[in-house]
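Each remark here refers to the structure printed beneath this line.
Bear in mind these aren't lab numbers, they're just calculated from the coordinates by the rules spelled out. The model shown is predicted, which means the values in this text are computed figures rather than measured ones. Neighbour counts run over all protein chains shown; Cβ positions are idealised from the backbone, glycine included.
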Amino acid sequence: MSIASAFGLGKKVRYAVVGAGDITQRSMLPGIKHTGNSKLVAIVTGDAEKAAALAEMYGVDATYDYDQFHELLASGTIDAIYLGTPNWRHAEFAIPALAAGIHVLCEKPLEISVEQGRAIAAAQAASSAKLMTAYRLHFEPGTLAAIDMVRDGKLGDLVTFSATFSQSLDPDNHRAKHGIVAGPLFDMGPYPINAIRYLFGEEPIAVESAVATRQAAAGFGDLDDTFAVVLRMPGDRLASFTVSYYAGNVDHLTIAGTKGSIHIDPAFGYGDTQHQTITIGTDKREEKFKPTDQFGGEMKYFSDCILNGDDPEPDAEEGIADLRVIEGIVEALKTGRRVDLPPFERRRRINTATQKQTLSPITPPETVKAKSPSGN
């Protein structure tokens, strides 16, 4: 019997969301119904008041505390989970879910270490269930168009990449309370790191330099609020990025080659029209890409993979690839020296012909006991 037959014609993948923070509430919860092939059936959170309010809002009967997660896995009521807990709790929920045959859509970063990422990958390999790391930009039309231009050789031989991604974080936000693993390197860093990898189509070979700063005016105590990193790519090409919790909202990247360049703004966020400035020789043109529901789109893709028996592209290996770079950056910060990264080969890349999702954007709902990073 095929997987689609097992689910039945027209059936939807039944999801529990695990973790009910700002991103889950503003983007994924309203996006689930939008997919057409997915259904919310349970909510897992450590806050009973929040769980009750969200259950009423979305017409869900089942809510669970984190301590009841194994009861949920044994209930027979879900097919998959969306995992939106803090980074360091991903393995805690992903591994038992996979062991129970429950599919996992896991927010990035996959975990906070390569070791933990590999533990999740091993659990998936031993399971009948699928795992996807939630890289929503792997399905975003503007991003895929830029990848196609690079792959078609329109920019010539790639030379350099640069990006800045910053947001003014409220010092009271939980991201400011757990050190480096919740700070901008782990929270925002995966976006430019992943972009470097999908635009170059290769893996960084070294962290040339990494520095972090801590501004007293930011109010973050002992948290480094800004990181600047230079990576060396194969062929002696360079990629640099800055991520910050202190600078104002900035979100752009530039990829440049021997024949031209693409500048993208916004490069990593969602909800706004994406502007691309494409320069080929002396010719310059502007392209605009309308916003899409990136969260609903990535879940739609994952549910299609589940229903059709396909393996999702941004899998555990994709998450490990970024963690490999983050670990190198952390080591470079400690030593102040270049760090050569261990050899790594990515076996799959984005399929721009089949992964594009174009669901219309949603209006974020009011949240329940969950503030945006800026405190608004």
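Each residue of the stretch 209-215 is assigned a 3J(HN,Hα), and the resulting list reads 7, 8, 9, 9, 10, 9, 9 Hz, derived from the Karplus form 6.51 cos²θ - 1.76 cosθ + 1.60 (θ = phi - 60°), x at Gly and Pro.
Partners of Lys12 within straight-line reach, counting aspartates and glutamates whose Cα lies under 13 Å from its Cα and excluding those fewer than 8 residues away in the same chain: Asp79, Asp304. In the set (1) 93, 43, 35; (2) 68, 47, 46; (3) 57, 48, 38, which value of Cα extents along the principal axes in Å was calculated from the structure you see? Among (1) 93, 43, 35; (2) 68, 47, 46; (3) 57, 48, 38, the one derived from this structure is (3). Backbone amide hydrogens, once placed in the peptide plane, bring Val13 within less than 5 Å of Ser38, Lys39, excluding anything fewer than 5 places away on its chain.
Enter the angle in degrees (range 0 to 90, nearest 10) between the Cα long axis of helix 294-308 and the first principal axis of the Cα atoms of the chain, meaning the one along which they spread out most. On a 0 to 90 degree scale, this one is about 60.
Past the 24 Å Cα-Cα mark, which pairs from Lys130/Lys177; Lys108/Lys288; Lys50/Lys177; Lys11/Lys33; Lys11/Lys108?
Working: Lys130/Lys177 32 Å; Lys108/Lys288 27 Å; Lys50/Lys177 21 Å; Lys11/Lys33 13 Å; Lys11/Lys108 28 Å.
Flagged as over cut-off: Lys130/Lys177; Lys108/Lys288; Lys11/Lys108.
Largest GNM mean-square fluctuation among Glu287, Glu317, Glu327, using the chain with Cα springs under 10 Å: Glu287. Largest mean-square fluctuation among Gly46, Gly296, Gly21, in a Gaussian network model of the chain whose springs join Cα atoms under 10 Å apart, belongs to Gly46.
When shorter helices are ignored and each DSSP H run of at least 4 residues is given -39500 (n - 2.57), the per-residue value for the chain at 222 nm works out to -8500 deg cm²/dmol.
Extent along the principal axes, Cα only, for the stretch 141-291: 47, 35, 22 Å, with the longest axis given first.
Working note: Karplus 6.51/-1.76/1.60 with θ = phi - 60° gives the stretch 345-362 the couplings 10, 7, 7, 9, 10, 4, 9, 5, 7, 10, 9, 5, 10, 10, 4, 5, x, 10 Hz, where Gly and Pro are set to x. The residue list Ile320, Phe268, Thr258 was ranked by how far each Cα lies along the charge dipole of the stretch 258-329 toward its positive end, using unit charges on Cβ atoms, and Thr258 comes out on top. Annotation: the residues Leu253, Leu238, sorted from fewest to most other C-beta atoms within 10 Å of their own C-beta, follow the order Leu238, Leu253. Sorted ascending by nearby beta carbons within 10 Å, beginning with the fewest, Ser244, Ser168, Ser162 become Ser168, Ser162, Ser244.
To the nearest 20 debye, what is the magnitude of the charge dipole of the chain about its Cα centre, counting +1 on the Cβ of each Lys and Arg and -1 on the Cβ of each Asp and Glu?
Working: 37 positive and 48 negative charges, 129 e Å.
With only Lys, Arg, Asp and Glu charged at Cβ, the dipole is about 620 debye.
Simple point charges give the picture: +1 on the Cβ of Lys and Arg, -1 on the Cβ of Asp and Glu, and for the stretch 141-291 a dipole about the Cα centre of about 260 debye. Database remark: amide H of Lys108 closer than 5 angstrom to the amide H of Ala134 (H placed geometrically; neighbours at sequence offset of 5 or more, or on other chains; Pro and chain starts carry no H).
By the count of other C-beta atoms within 10 Å, a proxy for reagent exposure, Asp79, Asp22, Asp322 are ordered fewest to most as Asp22, Asp79, Asp322. For the chain, the longest principal axis of the alpha carbon atoms and the long axis of helix 48-58 meet at an angle near 90°.
Computing FRET efficiency as 1/(1 + (r/R0)^6) for Tyr58 and Val250, where r is the C-beta to C-beta distance and R0 is 25 Å, gives about 0.15. Say we join alpha carbon atoms closer than 10 Å with springs in a Gaussian network model of the chain; which of Pro184, Pro364, Pro204 then has the biggest fluctuation? Between Pro184, Pro364, Pro204, it is Pro364 that shows the largest mean-square fluctuation.
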